[in-house]
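Supplied in structure tokens, the structure appears directly below.
The values are calculated or read from the model by the stated rules, or taken from the named source; none is laboratory data. Bear in mind the structure is a predicted one, so any value in this text is a computation, not a measurement. We place every Cβ from the backbone using ideal geometry, glycine too, and count neighbours over all the protein chains shown. Keep in mind that these areas ignore ligands, DNA and RNA; they rest on the heavy atoms of the full protein, side chains included. Shrake-Rupley method; radii C 1.70, N 1.55, O 1.52, S 1.80 Å.
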Amino acid sequence: MERTLIICKPDCVNRMLVGEVLRRFESKGLRLVGMKLQQSPKPQVEKHYEVHKERPFYQSLVDFMTSGPVVVAVLEGPGAIAVVRNMLGATDGRQAVPGTIRGDFGLDKQFNLVHASDGPETANFEIGLFFKPDELVTYQRAADRWIVSA
Ligand code: CMP
């Protein structure tokens, strides 16, 4: 089992695509173990994107990510990190393959709808940055229990 962090970015929330994005991940079989809507504080965004600090788009990325609310979530499942990255598609929506989230809904490399952790270490760091341990809920899948009562 693996956990990964996703952020439905301000463009995603603004375009009302959060439900569509979460539907795709849930339909795939990934389980939500944490989720919240928040206006991200600037220091948290700066820390999150610290690896890009020297890149020319850094300041504009921080401005974008603090420009409106985001939905942050933790998804769990076998190989969740790679599965989610594949479902997102290439960073630039113009290059992302149709069928992927960015391929179906995006045309831009900054306004690319959803962020997802790119490896196990990053996932640990990012989950810890956005969630307190008691905000993550571990539970067993028990779908059968809701179909036929005893
Ligand atoms: P994300 O997956 O959140 O990781 C870093 C983000 O930086 C990326 O998605 C884009 O939103 C943004 N980004 C990456 N490359 C560029 C670029 N060349 N110009 C502007 N923004 C970019």
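Quick grid of which residues meet (1) away from the ligand (no atom under 14 Å from the Cβ); (2) outside any helix (DSSP H, G or I); (3) in contact with a strand residue (DSSP E or B) (Cβ under 7 Å, 6 or more places away or on another chain); (4) open to solvent by less than 30 Å² (accessible area, probe 1.4 Å):
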| site | (1), (2), (3), (4) |
| --- | --- |
| S27 | yes, no, no, no |
| V33 | yes, yes, yes, yes |
| K36 | yes, yes, yes, no |
| S40 | no, yes, yes, yes |
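Against the condition within 14 Å of the ligand (Cβ to nearest atom) and under 13 Å from C8 (Cα atoms), how does V74 come out, does it pass? Before you say what the answer is, go through the steps one by one.
On the way: within 14 Å of the ligand (Cβ to nearest atom): no; under 13 Å from C8 (Cα atoms): yes.
So V74 fails the test.
Report yes if L22 is within 12 Å of the ligand (Cβ to nearest atom) and either open to solvent by 50 Å² or more (accessible area, probe 1.4 Å) or aliphatic (A, V, I, L, M) (or both), otherwise no. Walk me through how you get there before you give the answer.
Working: within 12 Å of the ligand (Cβ to nearest atom): no; either open to solvent by 50 Å² or more (accessible area, probe 1.4 Å) or aliphatic (A, V, I, L, M) (or both): yes.
Criteria not met by L22.
If you don't mind, there's one more thing I want to ask. Suppose we keep only residues that are part of a loop (DSSP other than H, G, I, E, B) and touching a strand residue (DSSP E or B) at 6+ places or on another chain (Cβ under 8 Å) within region 3-19. Which one would you say is surrounded by the most Cβ atoms within 10 Å (Cβ to Cβ)? Spell out the reasoning first.
Start the filter on region 3-19 by keeping residues that are part of a loop (DSSP other than H, G, I, E, B), which leaves 9, 15-17.
Going one step further and asking which of them are touching a strand residue (DSSP E or B) at 6+ places or on another chain (Cβ under 8 Å), we end up with 9, 17.
Numbers: K9: 25, L17: 20.
The selected residue is K9.
Pairs under 7 Å by beta carbon, first residue more than 19 Å from A80 (Cα to Cα) in region 1-26, partner part of a strand (DSSP E or B), six or more apart or different chains?
Cβ pairs passing all conditions: K9/V70; K9/V114; K9/H115; P10/V70; C12/V114; V13/V70; V13/V71.
Looking only at region 91-113, filter to residues that are more than 10 Å from the ligand (Cβ to nearest atom) and of a type in the set (A, V, I, L, M); which one of those is nearest to the chain's Cα centre (by Cα)?
Only one residue fits best here, namely I101.
To continue, here is another question. Condition first: surrounded by 15 or more Cβ atoms within 10 Å (Cβ to Cβ) and charged (D, E, K, R). Now tell me which residues in region 73-117 satisfy that.
Hits for region 73-117 are E76, R85, R102, D104, K109.
Within region 53-71, which residues are free of Cβ contacts under 8 Å to residues at least 12 places away in the same chain, within 12 Å of the ligand (Cβ to nearest atom) and either touching a Cys at 6+ places or on another chain (Cβ under 8 Å) or open to solvent by 40 Å² or more (accessible area, probe 1.4 Å) (or both)? Give the steps one after another, and end with the answer.
Going residue by residue through region 53-71, those that are free of Cβ contacts under 8 Å to residues at least 12 places away in the same chain are 53-56, 58-59, 63.
Still in the list and also within 12 Å of the ligand (Cβ to nearest atom): 53, 55-56, 58-59, 63.
Hits for region 53-71 are K53, R55, P56, Q59, D63.
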